[in-house]
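I have placed the structure first, in the form of structure tokens, so that the comments after it can refer back to it.
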Amino acid sequence: MQSFSEIDTTSKRASKAAGFSWGVAEEIGKSIRSLELFGLPGVINLNLYLKKIKKNHPKKLSRIDKENKPNDNELCPIYSGVAFLDQCRQLETLQSIKFYNVSYPLLMLPFISKASEILGKKILTQYNNISFLLNFDQSIFSTNVDKRVNPLANEINIEFLENKNSFSEKDWKELYKLSEETFVEESESLKSKGAGAGLTDND
Amino acid sequence: MKLSRLGSFHQSKLSFLRSFIREFKDWNYKRNIFDLDKNGYGTAVYSLEKNQKIYSLVCFAQHINPEERSDRVIATKWDAAFVLHDGIPTKEDIDRLRDNVPRQEIGRVSYKELTLSRANKSVRAFDHVVDSLSLGKQPDINLLSKVGYLYRTTAVYGSGKFGLADRFRIKDRKEINGPFRLEMMLVYLVRQFTFDQVNHIAKSKNSKKAIMLDENIARNLGIGNSTGLGMAPFIINHPTLLHNWIYCREKALKEIRSIEEVNTEDFKFFKDCFVKSKSCIDTWLTDSQYQIDKINSLKTDISKFTQHLEKDCSVKIKYLWNKIYVWAEENLGGECIEYIVSMMMEPYDKIINPLINDMSSEEEKYFHIPGHRKVSELKIILENNYKSIIDIDFKEKNNTTNFWFISKNKEEPRVANRYEEHGSELEQPLAIARDTKQLYEKVLKAKQSDTVAEFLLNNDDVRHVVRRAFIVDQFPYSEIQDNTIGASLVPIDMLRLKLSFFGAVKFDPKSDKWLRINMYQGAPLPHEMKHSNDTWVYNTLN
């Protein structure tokens, strides 16, 4: 199983390789880690999204309004999420905000979740008939969110889940391969200067 | 916070090796499994236990050919590999670990494992000790004091690497609240394995004549380490942690300098440590001219200070420590000032011990950029906290000579000349001074009443340094006030800063990019921990 630290680092590097700045890539690393910690499929979504934009980097938002529509096809969930988070204190006064045509919307969720913590307010987010209640970045409660009280549960099932990845080996390898594009092949002269170099180690 | 000064730091009472021993001295030590063949190859398990909490070191020793023995991070085989397991490993755990731990970076471990390492024998010391013991003689102390250890580690990994437990799983445990506790624990237990292994091989070689390694000799052997650039970016990538380390040191110094009446006992303790420590400097050997010059300057300054101490210092003087510090700043070089600062902490458990738990950091808490703040505020933060950096001219080629990158071969950080090597377009975000200057120039042109969020909509290329600026505003020691890509960069200064906080001694640079060190030399053996004193670091073999 990949650790959350590995997920953070690889997501950051892959995002940089896909054309995001280092500062935004740092946000992405933390956000994918957060999704995976909440049990949501961050790695799969990021991998698919980065593949989609690799050759055609999305446009950045120039501002956030009550209603946000893309100038071209789709809004980038990362740029939308980062801008939302940065501006959350001002946006709070709008009460509700809409984003249209957002690619891989799950990727926007951790930024809204973080905003919930900063504002100290729960935030309800809905798309494609799925609801997410974001609780101060402490938990994400999803689907069938309503305000009714259930006086009786006919059955409560509790299952302990093994520590395992939410993504396949193939998903991970693809994301990892992209992250490798931030690496540099060392020249022979550089190799000869690294730790342990230039000595017999049988001393 | 200039690199040259940070690169003059010494171990101190705040160092993690020493705080580890203090924290774990009343834990129960046990050798659970010792299943080695006559050549010393096989499996061993050691544990530390208290109140039903157990940490176990699992060791795998194997045969390697001399040509396979390399301290390079690109090595693929080692004399021994180690992992620290959370709890007591089952047989299934040990089998799983045996398949993975000796392979290190290409193996996988699980969330049940905490730290991972490997080490090679110092062949000249190891073979000499085995041969001597098997013939019924103790080894040559002169040879051992030159080497200082039987094994040399080449990496100690933690915090989620290669599948290891993420820090959040264990961060609330009181006993590991100090920084790098589990890395320190691993190295400490590895040291005991090296002694057990030499005793075992000597006995197997000649069961009638062999004797055990004298504990006085063993105690004064540590564990070596070859350290390269992998460690350098750490102090840039963990700004609040760096702040906490330096802040605790500064806080301790401030409290000590504020003591009006210095107790006679405390002053005597300081002088005793100072005298004992001088013999450690005499055993600090290196071929590096850079380090030889530093050691020579330290020795000269120590002589000056010794005279000053004898002639001019007495507990009758009010604020004696402050007087000593001010005198040192006026009369001595950085290497010796830092040395005296370390020594001044020795008598003061009451000041130092409470600081240890403040040396970790919940870094995630400070990751968020306060987008509602104004550009004008950001400008003031930059001007207040990066004065010397803003003055650097990055159009000057000498100020941008180097770039940091991740090596494709081993996924380790490296530094290279941007005008001679390829790959600078893949530069890592470690040129903080240059990028901060760029941010400052953009901020000067931006509308000052804009929010930082609005500024970032069009300037996300400097987002990483905007984050740092807001961190440095809260944590003044979080930033190295130096250019990490300039032609005059000495990367080992960055290594030494971190290693001194670890508690490493005998810095022995092999180039400007890597060095060897020694850890736990003089430390109590596990069965002696309960009754050990904290000044073990000043013990020497001679």
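A few points about this structure:
- When the range B:122-148 is filtered for residues that are assigned to a loop (DSSP other than H, G, I, E, B), touching a residue at least 24 places away in the same chain (Cβ under 8 Å) and more than 24 Å from the chain's Cα centre (by Cα), the ones remaining, listed by number, are B:L135, B:G136, B:K137, B:Q138, B:P139.
- Within the range B:474-486, the presence of a residue that is at positive phi and either in the same structural domain as B:V156 (by TED's automatic domain parsing) or outside any strand (DSSP E or B) (or both) is excluded.
- If you go through the range B:482-531 and keep only what is acidic (D, E) and either surrounded by 22 or more Cβ atoms within 10 Å (Cβ to Cβ) or more than 14 Å from chain A (Cβ to nearest Cβ) (or both), you end up with B:D482, B:D493, B:E528.
- Residues of the range B:371-398 classified as buried (at least 18 other Cβ atoms within 10 Å of the Cβ) and within 30 Å of A:E180 (Cα to Cα), total: 1
- Annotation note: of B:L456, B:L444, B:L430, B:L439, the sole residue that is touching a residue at least 24 places away in the same chain (Cβ under 8 Å) and away from every other protein chain (no Cβ under 12 Å) is B:L444.
- For the range B:439-450, residues that are within 40 Å of the chain's Cα centre (by Cα) and under 13 Å from B:E377 (Cβ atoms) total 1.
- Odd one out for B:V472 among (1) aliphatic (A, V, I, L, M); (2) surrounded by fewer than 19 Cβ atoms within 10 Å (Cβ to Cβ); (3) under 25 Å from B:M359 (Cβ atoms): (2)
- Restricting attention to the range B:194-217 and to residues that are surrounded by fewer than 24 Cβ atoms within 10 Å (Cβ to Cβ) and within 23 Å of B:D71 (Cα to Cα), the residue that is nearest to the chain's Cα centre (by Cα) turns out to be B:F195.
- Residues satisfying the stated conditions in the range B:207-235, i.e. among the hydroxyl-bearing types (S, T, Y) and at pLDDT below 90: B:S226, B:T227
- Top-ranked residue in the range B:116-136 [being among the β-branched types (V, I, T) and away from chain A (no Cβ under 13 Å); ranked as surrounded by the fewest Cβ atoms within 10 Å (Cβ to Cβ)]: B:V130
- Condition met for B:L355 (over 19 Å from the mean Cα position of the chain (by Cα), buried (at least 19 other Cβ atoms within 10 Å of the Cβ) and either at pLDDT 95 or above or in the same structural domain as B:W245 (by TED's automatic domain parsing) (or both)): no
- Single residue of B:E255, B:E265, B:E260, B:E310 found to be loosely packed, with under 14 Cβ neighbours inside 10 Å, in contact (Cβ under 8 Å) with a residue 60 or more places away in the chain and charged (D, E, K, R): B:E265
- When the criteria are applied in full, B:K50 meets the requirement of being in contact with a strand residue (DSSP E or B) (Cβ under 7 Å, 6 or more places away or on another chain), surrounded by fewer than 16 Cβ atoms within 10 Å (Cβ to Cβ), among the basic types (K, R) and farther than 17 Å from B:Y538 by Cβ.
- Being in contact with a helix residue (DSSP H, G or I) (Cβ under 6 Å, 6 or more places away or on another chain) and within 22 Å of A:S189 (Cα to Cα) is a condition met by at least one residue of the range B:390-404.
- Picking from residues in the range B:411-423 that are at pLDDT below 95 and buried (at least 18 other Cβ atoms within 10 Å of the Cβ), the one that is farthest from the other protein chains (Cβ to nearest Cβ) is B:P413.
- Within the range A:78-93, not a single residue is more than 13 Å from B:H372 (Cα to Cα) and more than 14 Å from chain B (Cβ to nearest Cβ).
- Within the range A:1-60, tally of residues that are at pLDDT 95 or above, part of a loop (DSSP other than H, G, I, E, B) and more than 13 Å from chain B (Cβ to nearest Cβ): 1
- Matching residues in the range B:158-198 - criterion: being within 14 Å of chain A (Cβ to nearest Cβ) and on the phi > 0 side of the Ramachandran plot: B:S159, B:G160, B:F162, B:G163
- Check on B:Y386, under 29 Å from B:F502 (Cβ atoms), modelled with pLDDT of 95 or more and within 26 Å of the chain's Cα centre (by Cα): no
- Residue in the range B:357-367 that is aromatic (F, W, Y) and closer than 26 Å to B:P179 by Cα present: yes
The values are calculated or read from the model by the stated rules, or taken from the named source; none is laboratory data. Here the structure is a predicted model, which is why all the values come from computation and not from measurement. For neighbour counting, all protein chains shown are included, and Cβ atoms are generated from backbone atoms with ideal geometry for every residue, glycine included.
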